[in-house]
Structure formats: C-alpha cells, structure tokens
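Read the structure below first, then the notes.
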Amino acid sequence: MIFNRIQQTILLSVLTLALISPLQSCGPEAADRKGISEGATPEIVRVRIPADPTRLNPMLSRSGYASQIENNIFMYLLDHDPETLEFVPMLAKDHPEVGEGEVIDGHKTRAFTFEIRELAVWSDGRPVVADDYVFTLKAALNPQVPASSWRGFLQHLRKVETDPDNKRKFTVMVDADYMHGIEMAAGFPIYPEHIYDPRGLMRHLDLEQLFNYDEDSLDEREKNALASFAELFTSATYSSEMVKGAGPYELVNFESGQQITLERKEDWWGEEIFPPGPSRIHYLIIPDEAVTLSGLKDGSIDIASELPPRYFKELKTDESYADRFDFHTPPQFQLYYFALNNEDPILSERKVRRALAHMTDLDFVIDEIMGGFAVPAPAVVHPDKEEFNSSLQPIEYSIAKADSLLTLAGWTDTDGDGIRDKETDSGPRDLQLTIDVSSGEIGQNLALLMKETGERVGVDFNIRTREFRLIREDMMNRDYQMTPLVLRQSLLLPDLKQNWHTDSRAPDGNNLSLYSNPVADSLMSQIRMEDNPETLKTLYREVQELIYKDQAVIMLVAPTERVVVNSRLQLITSAKRPGDFEGMAQLKEVEF
C-alpha cells in the first residue's frame, strides 16, 4: 500500500544495532506489595526487548540487546556511574595508581596499576584474580576468535605485568599519548579463565606473543591451542548455556526468540557495595510494538523502552493509566540513520547517495514519525557532544535537487515507465533499491517514507521485512543496499575509527556502510593519539565534514528515549546506555 503522508500519520519504533543496558520493574507475579517499605526489591521484573540478542558473550555479541543483558552478568574494572556519569571502581578496589611506564617498541607508555577487590568472586566462589584479566586479553587477541572490534579497541595496550606477591594486583601499560588510555585498560568485561578455558589452552601462549602476533613465530602446539580455544569459545555452549561473570546475575534460561531469564546470585559478593535488585529478570523478546503495548496494559510487561511515540503518548494521556505507569524520557547518545552499502554498484556513486539524502523529509520524520522526540543529527557525532561539528546542517529536503543529481549521475527515464534507468556494462538497468527493515514501526515507516518519495522521483524502492538477525548477517557479508540503523555512542570521546575507518569494514568490523576515505582514515587515527583539546576538536570537525560531504550514509535524527515503567518501581534513568537500569530496580513504598 502506498504510504500517503497527507492522509496517514507515520509512527515508528526503533531498529537498533548496538548496546543497551538493563531496565527494572515488576509484574503480577511479584509478592503482595501492601506494606512493603521503600527500597525493597521486587521478586520478578519483566523487560521487553525488541529483538533476539542471538548470543550472550560480550566479546562476540553484535547486538545492543545482548549488551543490556550481559551488563548484569559481567563486570568491568571501572565503569560509568549511571547517575553521576563518573568513571568509578567496580571490580577494582579503587582508581588505579598512574605512573610512567616502559618504552615498548618505541612507544612511551603510561602505567595503570589496579588491585581487584578482595571480596570479588566468580559464580563458583573462586576469586577474581589478575590472571583472569590476562586471560580476557588473550582471548580477545587470539586471531582465530572473531573479536576484531575488541582487538581494534585494545591496539594501544602494550604490556601487562602481574604482581608475584599479590594475585589480585597488576599493571597495564598503554601508549602514553592515547586519549582513552584508562578506559582501554579498565573498560571491558572480565571473563573467568577456569570456566571459559577449562583445558588451559591459552596458558600455552604468552601475552606478548599475541600483542605482536606473527603466525610464523608460533610452533604447532601454539597454533593448535589458538584454534582449539577459538572453537570452544565461539561454540553455543559459551553463548547460551555457560555464561558466567562476576556480576550480580547468572543466566538460568535462554530460549532463542522467546525469553531469557537471569537470576540474582545468593549472597553475591557485591551486596554491600552495590545496590540490590530484583530476584529474577525476564527479558521477553517481543518485536511487535502492538503486542508490547498490550503487555504493558495487562501487566505481563513491566518495562518497555524504545516505545513508538504513538504508544508512549497514548499511555501517557490516557487517564485510566495515569497511576499505573511512570514515563521517562532520558537523553540518548544515539543517532538514527540509513546505512548505505558504498560498494553497491548503484550506491557507490556519491551523487546517488546525496540524491537519496535530499529525498528525506527530516521535518516530517521528527514531527510525525518521532512525535517530536528527536532533533536533527546531520553528522556522525551526536549533536549534544562537544566534538560535534555545528557548522554542518541537515541535508535539505528537495525533490528538485534529488532529480538533478540523479540526472547528472546518468539515471533518466528513457522508456517512460516512471522508473529511471541507465545503460551499464551489463546492459540497461532500472534504478531499483531494496530497503531491508525489521518489523519495528520506526524502521518500517522510514522505509515507507522513502518509498513514497521515490515514486515522485523515479526510484523504485522494494521494502523487504525480515528478522534483524538476518539483516545483520547480510550486512556483515556486504550483501545489502539500504537499511535503517541506530548508532550508539558512549560517554567517552567518540572513537570514529570503529564505525568509519577502512580497516573496520565488515565482515571483520563495524563499518557496515563500507565507507573508505584515506584522508578520513588518517584523521581518525590521529584522533586516537591526540590529547590537546583544541586540536582534537579540529580533527573531529574535519573528519565529520569529510564523511558528510562523501554522503557515506543518510544521517537522520538523534532521538530521546521513551521508557514506560510500572509505577510500583523505582527506576534510575540516565544518559548512560541504555538510559535505565533494571538490575538496580527497587519497589516504591506502598501504603497499608
């Protein structure tokens, strides 16, 4: 059915790629709340997630929904407090001691010395020690493990020394001029070596061998160890069955496409340090927003984020639900955009990509599709970040400019059928593009909006609705043309290299648009090493301008989160992803 903006209001829901954290609430199975004092924890919280996370293994996961769940199971040395946003100790006893490190391979380093909390233990009671940190690095640096994003993140880490007199103490040396040194040293989940490598395969290799990996320098035993470990680590066992960390929760059930259940550990070591949360968290995998709305109303869902503006407003303005829900709109460091395959025969032409950008009515997207819960986002850095290039303006919605650019690119309607065509090396070809989209309303209607405009310009869009898991697989295999995505950015300085550098192109990295520009590559590498604030701002502005001019993707908007929570729950909301945290949910005080 043709999408008509005059007769029909577009309402959307988010198609997500990247990282989300846990939310909290409580459903009808929870204990009778009469007389419960403020600060009590709910028995059960049901959290809706829109897509199957596929696996729970932080090093291998590609889904933000996986991260949301994993963050309740695994822990970091340091992490951002959701309320203060400060980088605070978690597994680490305190902030590290910082000093001058060695000169390694010609690189000056900064040394960070950590000590793990004495109370910290794994699920089976064994202590968290420095060797677990070293093992985690070895697993990430194993070239047979598909963890290129981790290896890219860790590339400026040079050495780790464990303390022979204290099994919980170690020193990490990082390039002194790398901007995210402490985050690189402390900002990733730690794995238990004895659980994820029960045969001790990685103990055959020295960490230095993996920092400076050279296949020719390894003997057969070492090569076999790398391969055998990778086979075990990437198996289903360590993605949906044996998922163990030092965090407050452990996995008790994984039903793909249906439900994932976490249970809070009894006598968890961190109870006196970190606030307690629900006894159980059920993550309900529900792609359909209408089903989600029904679940909220009937009490089978306690928390739902990324709710379409239509449903969010419907619940908020309906007096019969005024006392049943709390409504939160925390800020989000997210960017909605259309990913474009820059290596596709049609989309490899910049004029075509810019024409598609001129075909996108951002005012309509914000007012009608997003219900006002968004602002324009013309660049690949969030507009609320200091590094954002404010001189870049949204691409003007202009049918005339789109028409002119397509004509200049050689696409005209020679046969009068209403669809532009062009003579190519393989013969005549119509201007037809496929937009892959999941079942979410926002993605669906962004695609419909593009299709409607395409009919006016002579571009034939085919909308193909599939599971996001399948879309993601095709993107990793470079087998797609367009799809709406969400880019999530952390509280740190943006590391643009992960998503836009030539070396990060799929299938090995997260540059899903396959964008490549040598000048932009150089700027992104310089950003990683620069510590002068003013120089950094200049570099960020320049690389954003290049990606903008190249029209690598079609940037759309920066949304505000929309979270609906059962009103019996106390919920922390924050600019930290995902904006709300169920693992820390508590019950509100209830009168007798």
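The values are calculated or read from the model by the stated rules, or taken from the named source; none is laboratory data. Just so you know, these numbers come straight off a predicted model, no measurement behind them. With ideal geometry, Cβ positions are generated from the backbone for all residues, glycine too; neighbour counts draw on all protein chains shown.
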Counting only residues in segment 456-478 that are part of a strand (DSSP E or B) and without any contact (Cβ under 8 Å) to a residue 40 or more places away in the chain, the one nearest to the chain's Cα centre (by Cα) is identified as T465
Condition test on M450, is it under 21 Å from N342 (Cβ atoms) and buried (at least 22 other Cβ atoms within 10 Å of the Cβ)? yes
Working only within segment 367-407, note down all residues that are β-branched (V, I, T) and either in contact with a His (Cβ under 7 Å, 6 or more places away or on another chain) or surrounded by fewer than 19 Cβ atoms within 10 Å (Cβ to Cβ) (or both). V375, I395, I399, T407
Residue check for S522: in the same structural domain as P376 (by TED's automatic domain parsing), surrounded by fewer than 15 Cβ atoms within 10 Å (Cβ to Cβ) and small (G, A, S): yes
Checked R472, R505, R488, R478 against criteria (surrounded by fewer than 24 Cβ atoms within 10 Å (Cβ to Cβ) and under 17 Å from E387 (Cα atoms)); the one match is R488
Which residue is nearest to T162 (Cα to Cα), if the candidates are limited to segment 196-230 and must be out of contact with any Lys or Arg (no Cβ under 9 Å at 6 or more places or on another chain) and touching a residue at least 60 places away in the same chain (Cβ under 8 Å)? N212
At pLDDT below 95, within 21 Å of R488 (Cα to Cα) and among the polar types (S, T, N, Q) - does that describe any residue in segment 392-406? no
Looking at N566, N511, which is the one that is outside the structural domain of A322 (by TED's automatic domain parsing) and either at pLDDT below 95 or more than 25 Å from Y178 (Cα to Cα) (or both)? N511
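Residues are listed down the side, and each one gets a yes or a no for (1) of a type outside the set (G, A, S); (2) modelled with pLDDT under 95; (3) in the same structural domain as D531 (by TED's automatic domain parsing):
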{"site": "A447", "(1), (2), (3)": "no, no, yes"}
{"site": "M450", "(1), (2), (3)": "yes, no, yes"}
{"site": "R456", "(1), (2), (3)": "yes, no, yes"}
{"site": "V459", "(1), (2), (3)": "yes, no, yes"}
{"site": "N462", "(1), (2), (3)": "yes, no, yes"}
{"site": "L487", "(1), (2), (3)": "yes, yes, yes"}
{"site": "L491", "(1), (2), (3)": "yes, yes, yes"}
{"site": "D495", "(1), (2), (3)": "yes, yes, yes"}
Checked V98, V129 against criteria (in contact (Cβ under 8 Å) with a residue 12 or more places away in the chain and within 29 Å of P278 (Cα to Cα)); the one match is V129
Please indicate, with yes or no, whether at least one residue in segment 525-536 is surrounded by fewer than 24 Cβ atoms within 10 Å (Cβ to Cβ), part of a loop (DSSP other than H, G, I, E, B) and in contact with a helix residue (DSSP H, G or I) (Cβ under 8 Å, 6 or more places away or on another chain). yes
Do we find that D367 is in the same structural domain as I286 (by TED's automatic domain parsing), outside any strand (DSSP E or B) and among the charged types (D, E, K, R) in this structure? no
Going through D344, D361, D384 one at a time, which residue ends up being modelled with pLDDT under 95 and among the acidic types (D, E)? D384
Of the criteria (1) of a type outside the set (V, I, T); (2) in contact with a strand residue (DSSP E or B) (Cβ under 7 Å, 6 or more places away or on another chain); (3) more than 20 Å from E118 (Cα to Cα); (4) in contact (Cβ under 8 Å) with a residue 60 or more places away in the chain, which one G187 fails: (3)
Answer yes or no: is there a residue in segment 140-155 that is modelled with pLDDT of 95 or more, surrounded by 17 or more Cβ atoms within 10 Å (Cβ to Cβ), outside any helix (DSSP H, G or I) and small (G, A, S). no
Name, by its number, the condition in (1) within 16 Å of T329 (Cα to Cα); (2) small (G, A, S); (3) in a loop (DSSP other than H, G, I, E, B) that does not hold for A558. (3)
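Residue-by-condition table, conditions (1) more than 20 Å from L60 (Cα to Cα); (2) of a type in the set (D, E):
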site	(1), (2)
F211	no, no
L232	no, no
S240	no, no
E250	no, yes
E255	no, yes
Q258	yes, no
E263	yes, yes
D267	yes, yes
F274	yes, no
Restricting the search to segment 179-194, which residues are within 26 Å of the chain's Cα centre (by Cα) and part of a helix (DSSP H, G or I)? G181, I182, E183, M184, A185, A186, E193
Of all residues in segment 120-136, count the ones that are closer than 12 Å to M75 by Cβ and not hydroxyl-bearing (S, T, Y). 5
Test I69 against the stated conditions and say whether it is crowded, with 18+ Cβ neighbours inside 10 Å, of a type in the set (V, I, T) and either within 28 Å of T234 (Cα to Cα) or outside the structural domain of I527 (by TED's automatic domain parsing) (or both). yes
